[in-house]
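Student: Pasting in a structure now, in structure tokens, and then I'll have a few things to ask.
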Amino acid sequence: MGSLLTGCATGPSPTGIGLYTDVKGPITATSLPATKTGKACAQTVLGIVNTGDASIDSAKKAGDISLVSSVDYETTGSYPFYGKTCVVVRGQ
């Protein structure tokens with residue numbers, strides 16, 4: 001329960017985590033053009049059940065990407081019940 005009280009049951013967010021969160025933000029970008037997109041997600045339920053792989057490598061595999069042009073994240077959730085963070089990789 002401590003993770004629920006401290007916000008540890010959530011992903012990154014530029015605005016903080018509210019009762020309902022739906023935000024997107026950048027992690028990094030280059031000038032390389034993007035022709036493919038891959039997405040990888042992890043989720044939490046009550047900060048007790050946590051599953052998924054939101055790694056850049058997992059998103060690269062999902063999009064069949066070898067050269068990365070940008071990495072973004074998407075965080076959604078209803079605090080403290082559910083949270084989901086996805087890493088979105090674009091590249092070639």
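Student: With the structure loaded, tell me whether residue 75 is more than 17 Å from residue 27 (Cα to Cα) and not acidic (Asp, Glu) or whether it fails that test.
Tutor: Numbers: more than 17 Å from residue 27 (Cα to Cα): no; not acidic (Asp, Glu): yes.
Taking the combined requirement at face value, the residue does not satisfy it.
Student: Something else now. Kindly indicate whether any position in the stretch 25-41 is without any contact (Cβ under 8 Å) to a residue 12 or more places away in the chain and of a type in the set (A, V, I, L, M, F, W, C).
Tutor: no
Student: Something else now. Please go through the stretch 38-92 and give me each residue that is over 14 Å from the mean Cα position of the chain (by Cα) and of a type in the set (Asp, Glu), ordered by number.
Tutor: 64, the sole residue that qualifies.
Student: Counting residues that are at pLDDT 90 or above and buried (at least 18 other Cβ atoms within 10 Å of the Cβ), which strands (runs of 3 or more DSSP E) fully inside the chain reach at least 3?
Tutor: It comes to 36-45, 68-78, 82-91.
The values are calculated or read from the model by the stated rules, or taken from the named source; none is laboratory data. Keep in mind the model is a prediction, meaning the values are calculated, not measured. Note that we place each Cβ from the backbone using ideal geometry, even for glycine, and neighbour counts take in every protein chain shown.
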